[in-house]
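One structure is given below, encoded as structure tokens.
The values are calculated or read from the model by the stated rules, or taken from the named source; none is laboratory data. Keep in mind that what you see is a predicted model, and the values were worked out from it rather than measured. Quick reminder, even Gly has a Cβ in these numbers, built from the backbone with ideal geometry, and neighbours come from all protein chains shown. For the accessible areas, the whole protein counts, side chains as well, though only heavy atoms, and no ligand, DNA or RNA atoms are used. Shrake-Rupley method; radii C 1.70, N 1.55, O 1.52, S 1.80 Å.
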Amino acid sequence: MWGGRFAEGPSAIMREINASIPFDKALWRQDIAASKAHVAMLGAQGIVSADDAATITDGLDAVAAEYERDGVPENWDLEDIHMTTESRLAELIGPAAGRLHTARSRNDQVATDFKLWVREAIEQTDAGLAALQHALVTQAGRHADSIMPGFTHLQTAQPVTLGHHLLAYYEMLRRDRSRLADARARMNECPLGSAALAGTGFPIDRDATSEALGFARPTANSLDAVSDRDFALDYLMAASQIALHLSRLAEEFIIWASQPFGFVRMADSLSTGSSIMPQKKNPDAAELVRGHAGRVIGSATALMITMKGLPLAYSKDMQDDKPPVFEAASLLALSIAAMTGMVADSTFKTDRMRQAAELGYATATDLADWLVREADIPFREAHHITGAAVKLAEQKGAALDELSMEELKAIDERIDERVYTALSVEASVAARSSYGGTAPEQVMRQVETARKALGIAEGNDT
């Protein structure tokens, strides 16, 4: 390829460090699509003849068929997917193949291919998140009134419902999907036609190629277009946030599945055993999702560091832009699928959850609130009285609503029989009826809102 300028070919080291075909062959579908859009425009503009344009298009279809059937060959002398495709095209159709690269450069070619790939990755990730949301909403609807302890500092705080807890992750994923939508809208400009860095002197129609490839418009600055990798970073930033949320959900399942908690029985299909301890059922899928978060975040960091000091326009450092994106997308797809199966197929032990909520004195705040509301006691004093009640219940190994009236009055004379209406876990969750609260009626309200947003027909959420 460089014979006109270089007297000698590259050394073995240069050949190896320079070749990107082992990983950028993943772009072959995007490379064929962009090349077909480009040659169609060249033909329409009269830059190449109609016959040559038709021949090139047919040849690209033939190359695509070979790749689909046999895979992309890895000839490191051809460096990348772009030269690999052009070389094979020349073998199939002859000299006309040399006209394909008119009015474009590998710089705008790779930027276009990569954008197309990332755009598809965003759409696939979004679809995966929608499926996970569906699983969360389905389980939330089933468990809108299943009581469990709510935690702060991993200490029992107040009783909540399992449905409320699961919907918290629905909300996280809703924000994640909005980030993906923002990234997709921002990246939807076509670099093709920017050429190496300065545009081209040929009378090309960039609107035509942009429209053919499904972009909203062509990029406005050729220098920026060939050197921009913000779209990849946007995806990786969104992917990192998604991975963090998946990791938090995975951690919940890991804790809940442990014997001291016993809140959930995970499906055998997403668990493993031990080579030496027959009783073990390990939540390995959840642990791997938790671990993958580090690799996804590492991919974002790697690309940021690659791009941080590059002057305009293209530098060869940018050849390293694709591996971290490819790895992150693959890991994320696996993690989303694993968590979707985990949420959908796990069995929640609601009796155990309710028991834990009672034993953790989760209604202590309700007692303090009752003292403020019914006995007109300042909250700080009510907090002190409640602390004394919790201490007594702990000494007796009883729940708060199991303390006798005599015992409660011994702590403070202003407590009367009405207090018991506030001390059960059912009364506690029912009282949290503010918008977005944990009361079953509010949980079902949010479930219905989520079903509508996801397009789930009533009665079709199994």
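Angle of helix 284-307 to the longest C-alpha principal axis of the chain, folded into 0 to 90 degrees and rounded to 10: 50°. When you restrict to C-alpha pairs under 8 Å that are six or more residues apart and normalise by the size of the chain, the relative contact order lands at 17 percent. In this structure, Trp76 and Ser434 have a Cβ-Cβ separation that, at R0 = 60 Å, corresponds to a calculated FRET efficiency of about 0.40. Accessible-area rank, largest first, for His383, His165: His383, His165, with all protein chains present and a 1.4 angstrom probe.
The GluC sites (Glu not before Pro) found in segment 384-451 that occupy coil by DSSP, while having at most 15 further C-beta atoms within 10 Å, are Glu413. Axis angle, to the nearest 10 degrees, between helix 230-257 and the longest C-alpha principal axis of the chain: 30 degrees. When the helices of the chain are scored as -39500 (n - 2.57) per DSSP H run of n ≥ 4 and the total is divided over every residue, the value at 222 nm lands at -20500 deg cm²/dmol. Fully extending the segment from Asp58 to Leu312 would add 87.8 nm, taking 0.36 nm per residue of separation and subtracting the current Cα-Cα distance. Charge dipole (Cα centre; +1 on Lys/Arg Cβ, -1 on Asp/Glu Cβ; no other charges) of segment 232-357 amounts to roughly 340 debye. Counting Lys and Arg as +1 and Asp and Glu as -1 over every other residue whose Cβ lies under 13 Å from the Cβ of Leu359, the net charge comes to -2.
Take each peptide in 108-119, 287-298, 356-367, 150-161, count the other Cβ atoms within 10 Å of every residue, and average; sorted highest first, the result is 108-119, 356-367, 287-298, 150-161. Here the dipole of the chain is about 300 debye; that uses its Cα centre as origin and unit charges on the Cβ of Lys and Arg (positive) and Asp and Glu (negative).
Could you run the Debye sum over the Cα atoms of the chain, one equal point scatterer each and no solvent, and tell me log10 of I(q)/I(0) at q = 0.05, 0.09, 0.10 Å⁻¹, two decimals? These q points yield log10 I(q)/I(0) values of -0.31, -0.74, -0.84. Between Ala198 and Arg380, the simple label model (points 7 Å from Cα in the Cβ direction) yields a spacing of 7.5 nm. Remark: spin-label model distance Thr301-Leu392 equals 5.3 nm, labels positioned 7 Å along the Cα→Cβ axis.
Between Arg29 and Ile255, the simple label model (points 7 Å from Cα in the Cβ direction) yields a spacing of 4.0 nm.
Taking the chain as the region of interest, the number of lysine pairs whose Cα atoms are within less than 29 Å, with members eight or more places apart or on different chains, is 20. Segment 357-454 gives an Rg/Rh value of 1.09, both radii derived from C-alpha positions and Rh following Kirkwood.
Net length available on complete extension from Asp207 to Arg15 is 65.4 nm, with 0.36 nm assigned per residue and the Cα-Cα distance removed. Placing a label point 7 Å from the Cα of Arg248 along the Cα-to-Cβ direction, the residues of segment 113-133 whose backbone N falls under 18 Å of that point are 129-130, 132-133. Considering only Ile81, Gln109, Val63, the residue lying farthest towards the positive end of the dipole of segment 58-119 is Gln109, judged by Cα position with unit charges set on Cβ.
If the segment from Ala185 to Thr421 were pulled out straight at 0.36 nm per residue, it would be longer than the present Cα-Cα gap by 79.7 nm.
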